[in-house]
Amino acid sequence: MSTIERNFVLTFGQPPDIIAAAPGRVNLIGEHIDYSDGYVLPFAIADRTYCAIGKRSDRRVHIASAQRRNRVISIKLDDIKPSRAGKWERYVLGVIWSLGINQGLDIMIDGQVPLGAGLSSSAALECSVATALNDLFSLGIDLESLARLTQKAENDYVGVPCGIMDQSVSLMANRGSALLLDCRDLSSRNVSFDVAASGLELLIIDTQAHHSLTDGGYAQRRASCESVVAKLSIRSMRELTLEKLEASKDLISGIEFMRARHAVTEIRRVLDAVVALEKEDFVDLGRLLNASHASLRDDYDVSCPELNTAVAASISAGALGARMVGGGFGGSAIALIKASHTQETIKNIETQFRKNRFKAPRFFTSLPSQGAQIIQRG
Ligand code: GLA
């Protein structure tokens, strides 16, 4: 019996009807452009969140998590509507709400994606629940629609204005590949991402920094992009070119110009990164990662001292490229390094963090893994 099944039986007194799992993600490149109809190139990490569900005969939903000592949170089905009440369980309730489930449930969660590291533990949670419910109630929802429904749960129920990238990759990723996702229509293509065969490794550096700016800062960046789109009468940043942007400089503010320049150049870098990966040109990929970081730091202004230090220390230890990943203002950075240089790189980053009196960073690495899956039925 798996750990989550055992926890489910111990907590709810009977075996679950279904168990599903969904992974966290790292975005190789394409940051802060999912909400601008851009391209992104994330991959699923090996760490995943497990979710076991059983039907109840009454109209209550009981939710427990191994990370919260299996303490049961109980709510009436009819009370599941967007509100500020509740904590982490809102991610679960949001999915029940957005999928329109009308049945009492017992739900056990075992989240193994590191929390607060910018590795999308929230998308992993949402997608594990959505995958389990889709199968349990034979809803037949395709992955693109499931991505939109889990995003809706986070936007409208939890109240976080995230884009579509994290949920899409958690649901659609394939082992050994990064997912080239067109955020305009959610069409996607696997791009083989096998750094190990070239003696390389993608080091994930969790800076352990969480700046309070996060929520407001993300929404402000989105608002700037929307304002540019409105002022230039275009449908999205996708339609913009650098030439067009330069020519429209007088129509937008200086800040908006910088935000738009990031969006335009980052979309280009994603497509260039795909070409680099297909040619196995990791030097060029490294160059693009560095350029992405500089753009996020200088034009988009979503980096922070800890992320900049992690990136600079990786480069000075010989990394081919490095950049912050995710929403920014803290969280993780990635560095493309020679596998033989891992310890040296880690040491250099730790030394620089100590010098700057930052919290000690955590290090992970992961091969590109499979998206959400049903683990067990019945
Ligand atoms: C967060 C959001 C994503 C995306 C990234 C930045 O992870 O959830 O939708 O916008 O930030 O690329």
For the peptides 368-375, 97-104, what is the packing order when you average, over each peptide's residues, the other Cβ atoms within 10 Å and list the highest mean first? 368-375, 97-104
Taking a temperature of 4 °C and a viscosity of 1.567 mPa s, what whole-number D in µm²/s does Stokes-Einstein yield for the chain with Rh from Kirkwood over alpha carbon pairs? 61
What size of dipole, in debye to the nearest 20, comes out for the stretch 194-365 about its Cα centre when the only charges are +1 on Lys and Arg C-beta atoms and -1 on Asp and Glu C-beta atoms? 420
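Report, in debye and to the nearest 20, how large the dipole of the stretch 149-235 comes out about its Cα centre when Lys and Arg carry +1 and Asp and Glu carry -1 on their Cβ.
Result for the stretch 149-235 is approximately 360 debye, rounded to the nearest 20.
For residue 350, what charge total do you get from the other residues with a beta carbon under 14 Å from its beta carbon, if Lys and Arg give +1 and Asp and Glu give -1?
Here the count lands on +3.
What's the ranking of 111-122, 31-42 by average number of surrounding C-beta atoms within 10 Å, highest first?
On the way: 111-122: 22.0, 31-42: 25.2.
Result, highest mean Cβ count within 10 Å first: 31-42, 111-122.
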How big is the gap, in Å, between the Cα center of the stretch 125-199 and the Cα center of the stretch 300-352? 26
Kirkwood Rh, angstrom, the stretch 263-364 [1 / mean 1/r, Cα pairs]: 13.9
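Kindly provide the helix-only [θ] at 222 nm of the chain, computed as the sum of -39,500 (n - 2.57) over DSSP H runs of four or more divided by all residues, to the nearest 500 deg cm²/dmol?
-12500 deg cm²/dmol
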Rounded to the nearest 10 degrees, what's the angle between the helix 282-298 long axis and the longest principal axis of the chain, both from Cα atoms, 0 to 90? 90
Cα convex hull of the stretch 194-365, projected area averaged across orientations, nm²: 10.3
For the chain, with the dipole built from +1 on Lys and Arg beta-carbon atoms and -1 on Asp and Glu ones, taken about the Cα centre, which of 35, 75, 153 lies farthest toward the positive end? 75
Distance violations [Cα-Cα > 32 Å] among 87/338; 76/152; 249/338; 55/359: 87/338; 249/338; 55/359
Based on the alpha-carbon gyration tensor of the stretch 82-142, what equivalent-ellipsoid semi-axes (square roots of 5 times the eigenvalues) come out, in whole Å, largest first? 20, 15, 10
Protection proxy ranking of 8-16, 255-263 - average other beta-carbon atoms within 10 Å, highest first: 255-263, 8-16
For residue 124, what charge total do you get from the other residues with a beta carbon under 10 Å from its beta carbon, if Lys and Arg give +1 and Asp and Glu give -1? -1
Tilt, helix 342-355 to longest principal axis of the chain (alpha-carbon atoms), in degrees rounded to tens, equals 80
Once the dipole of the chain is set up from charges on Cβ (+1 Lys and Arg, -1 Asp and Glu), the residue from the list 296, 273, 63 lying farthest towards its positive end is 63
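Values quoted throughout were computed directly from the atomic coordinates according to the rules given, and no laboratory measurement underlies them. Every value quoted in this text rests on a predicted model; they were computed, and no experiment measured them. Neighbour counts run over all protein chains shown; Cβ positions are idealised from the backbone, glycine included.
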